[in-house]
Amino acid sequence: MRLFLAALVLLVAPFAATAQGEIPDRRLVLTRDVDFYGSDLQALFDTTYQACERACLAQSACNGFTFNTRSNACFPKSAVTDRVPYVGAWSAEVIEATTAAKRLATARAGEIGFIGTGTLVQARDVAQAIGALHPSGQWTLDQMLTAATEARAQGDTLNALRWTGAALTQSDAGPHWTEYARLALQQADLGGDDQSRMRDRGLYGAVNGYLRTDGDAERATALVVLAAALEANGRGRDTIPALRLAEQLTPRADVTEAL
């Protein structure tokens, strides 16, 4: 199961790179070992998860799909109605980005142009792929946020990161992305084989946090985390405009000290 999950992330990213806009128009919330029974638009056999996802996202009528890893069969759905346990199935519900969210992301992207177009594109690709990295359909948002809070209280950064990642796949909320980035940077500071990957998650998570955040105080917090992520990734010069923007939004002692 873990190997298949890793393959999902690798397969999703190339497709996500073709998306337009600062945030994905349509994202996925995945549930493992569950079949979204009924409401089939069609059946595709001898296929791959990647092709199944493409088939669904290419159809405006498709609101979800089930991919059977046992038979390599894909079932795009017109609606998600009945959920039935089925070992070996991966089911995904499509969530549409709102017009307001897309407009906000465009405005925020203009404010952090100093990070470069390439970083914005990579952050969008991460947002498209995050559902496969953190399947979350089997829990409620409150359950995941509670689990993340408990893990933080116990000093378990990795599980706090995982639960926060699962929560944001459902909420797509800016503060959740920012907290995910902060935890990823904290995990990177612990060292280990995944240090580089965690630094990347910190950077792209912080970008996604800022793109989705409204309110001066929350934006300043996202920028402070973004500055830390930029520095961790060897981009110290880019921290200066991030911190200056944060200082303009909400003068804070930590921002002044960082500058």
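Just so it is clear, none of the values below were taken in a lab; they were calculated from the coordinates. Given the structure is predicted, the values throughout are model-derived calculations rather than measurements. Note: ideal-geometry Cβ built from the backbone for every residue, glycine included; neighbour counts use all protein chains shown.
Could you please report the charge total around Arg252, scoring K, R as +1 and D, E as -1 over all other residues with beta-carbon less than 14 angstrom from its beta-carbon? Please report the intermediate quantities before stating the final value.
Values: positive: Arg219, Arg244; negative: Asp216, Glu218, Glu247, Asp254, Glu257.
Here the count lands on -3.
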Residue by residue through region 88-102, the couplings from Karplus 6.51 cos²θ - 1.76 cosθ + 1.60 with θ = phi - 60°, in Hz, x for Gly and Pro, are x, 9, 10, 10, 10, 9, 8, 10, 8, 6, 7, 4, 5, 5, 5
Taking the Cα atoms only, what angle lies between the long axis of helix 195-211 and the longest principal axis of the chain, rounded to 10 degrees?
-> 90
What are the residues whose amide H is under 5 Å from the amide H of Arg83, where those residues sit 5 or more places off or on another chain and H is modelled from the backbone?
-> Tyr37
Assign one of three labels to region 98-189, namely rounded, prolate or oblate, based on the Cα gyration tensor with a ≥ b ≥ c the square roots of its eigenvalues; rounded applies when a/c is under 1.5, prolate when it is not and a/b is larger than b/c, and oblate otherwise.
-> prolate
Per-residue ³J(HN,Hα) for region 221-238, Karplus 6.51 cos²θ - 1.76 cosθ + 1.60, θ = phi - 60°, Hz, x for Gly and Pro = 4, 4, 5, 5, 5, 4, 4, 5, 5, 4, 5, 5, 9, x, 10, x, 4, 6
Karplus (6.51, -1.76, 1.60) ³J(HN,Hα), θ = phi - 60°, over region 140-145, in Hz, Gly and Pro reported as x = 8, 4, 4, 4, 6, 5
Pick out which of Arg32, Arg244, Arg199 has the largest mean-square fluctuation in a Gaussian network model of the chain, springs linking Cα atoms closer than 10 Å.
-> Arg244
Does region 151-259 come out rounded, prolate or oblate, given a ≥ b ≥ c as the square roots of the eigenvalues of its C-alpha gyration tensor, rounded meaning a/c under 1.5 and, failing that, prolate meaning a/b above b/c?
-> oblate
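Work out, step by step, the length gained on full extension between Phe114 and Asp214: first 0.36 nm times the residue separation, then minus their alpha carbon distance; give nm to one decimal.
Values: separation 100, 0.36 × 100 = 36.00 nm, distance 1.94 nm.
That works out to 34.1 nm of additional length.
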Compute the acute angle (0 to 90°) between the alpha-carbon long axis of helix 117-133 and the principal axis of greatest extent of the alpha-carbon atoms of the chain; round to the nearest 10°.
-> 50
Between region 57-94 and region 175-221, the alpha-carbon center distance in angstrom = 30
Rounded to 10°, Cα long-axis angle of helix 174-189 versus longest principal axis of the chain = 80
Taking placed amide H atoms and a strict 5 Å upper bound, the residues 5 or more places from Arg26 or on another chain that come that close are Ala97
